[in-house]
Each structure stands twice: as C-alpha cells, then as structure tokens.
Amino acid sequence: MCNLKPVYEFTNKRKLCKNCFIHWFEKKILYTIRKYKMIQRGDIVGYFKSKHFRSVVLEEILNMIEKHIYVKIKKLPKIKDTLTKTVDRLKVDKLVLSSSLDLTAYHIVNEVINGDVENLDYIFPVEKLGKKSKIINPLYLFLDREILLYAKLKKLKFKVSKVRKDKIEKFIDKLEEKHPEIKRAIVKGYLRTIN
C-alpha cells in the first residue's frame, strides 16, 4: 500500500500510505512523551483550545493519551494572568503547548542572529513553569507539514491562517527545501551546546 498510495516520503525515500503515516505519527508522539517524561500517571494536563492546525492535532493527541494513560485533560480558559499564575490557580501539573520543530528552529536562529540568546525560553521539550508545574511540547519533533498532513488525514476541523514570515524564516524554509533535515539539525545542534 505504501508504494501504491503514498501520502508522505521521508528524506531516505521511504514512503508511507495514509494508515502507516497515522500510525507512525501517533507512535512518535508516544515515544516523545516517554523519552522526555512529559506526562505521568495521575497528572492534570491543561491546554488552550484553538482552531489552528497544531492546536487541533494536539487536542486529538491529548484525547488519545487520556485513553492510554490515567491522566485528566483540562481545557483552559483564555489567559488573564501570567502562565504561571494561570496553571497555579487551575491546579495544572502540565501545560501543553503546540511548538513544532519549525517554530523552535526559527526561534533559535532568530535569537542567535539578533544576539538575544538569553531569550531562548520555552524551546525545550519540557520546561519548568513556577515551582510545581511544567510546560510540555509533544509536537516538538514534528515538522509543520507532518502535523498538517496528520490533521488532513484524520479529517480534523482546523484553520490554516496566513502567517507573514520574516526574512530569517523564509531563509530557513529555502534551506530546508535544498537540504532537508536542516531544521532538525538546528534544534539538535542547539540542544547539544547547552547540555
């Protein structure tokens, strides 16, 4: 099926059909959660609902996780305070954000070029938030095009809003076209320098 009806092709030319891609995506999400110890049994996991494709996929994944791991998923209201005050007030153990590999790579390169490396916050798979809570990014290892494809294949209802990209983001996108895996290399390279 994968060679006859491929929906996705990796840089090594391996192809995946619809069912195999969905299985690969969900398996990789669970791997990411386990690898970085994002969610433990009994956690109260909060997220902000949105129609953006990343957020819609995240909500789908959280529903899947709720069935496999004993956790409580909580949809959070819009922020009126800081993130820390919001999670403390609502007694949330983990706050889920929808950062992707694309967003993280853009953020790293932008801050390095502008000389603001100290502003590289919330770019890790797991970050502390206040004294008790943590921010987690289950989509951390996925490119936007993989997340968008998953949303389409699962027939999720989402909106793709036009985003105006700056020169750095456009440059990185062009690099990724010529040299696939460059975004992954940027993130992995940065993580190696601070570990």
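Just one of (1) in contact with a Phe, Trp or Tyr (Cβ under 6 Å, 6 or more places away or on another chain); (2) without any contact (Cβ under 8 Å) to a residue 24 or more places away in the chain; (3) small (G, A, S) fails for G115. It is (1). Residues in segment 1-30 that are touching a residue at least 24 places away in the same chain (Cβ under 8 Å) and out of contact with any strand residue (DSSP E or B) (no Cβ under 8 Å at 6 or more places or on another chain): T11, K18, I22, F25, E26, K28, I29, L30. Look at V92 and say whether it is part of a loop (DSSP other than H, G, I, E, B), of a type in the set (A, V, I, L, M, F, W, C) and over 15 Å from the mean Cα position of the chain (by Cα). Yes: the conditions hold for V92. Being assigned to a helix (DSSP H, G or I), out of contact with any Ser or Thr (no Cβ under 9 Å at 6 or more places or on another chain), loosely packed, with under 12 Cβ neighbours inside 10 Å and not hydrophobic (A, V, I, L, M, F, W, C) is a description that applies to K174.
Identify the residue in segment 8-56 that is surrounded by 13 or more Cβ atoms within 10 Å (Cβ to Cβ) and of a type in the set (G, A, S) and, among all such residues, is farthest from S161 (Cα to Cα). Top of the filtered list is G46.
Within segment 1-46, the set of residues being on the phi < 0 side of the Ramachandran plot, out of contact with any helix residue (DSSP H, G or I) (no Cβ under 8 Å at 6 or more places or on another chain) and among the charged types (D, E, K, R) comprises E9, R14, K15, K27, K28, R34, K35, R41, D43.
Rule-based calculations on the coordinates, nothing more; no lab input. In this text, all values refer to a predicted model and were calculated from it rather than measured experimentally. Note: ideal-geometry Cβ built from the backbone for every residue, glycine included; neighbour counts use all protein chains shown.
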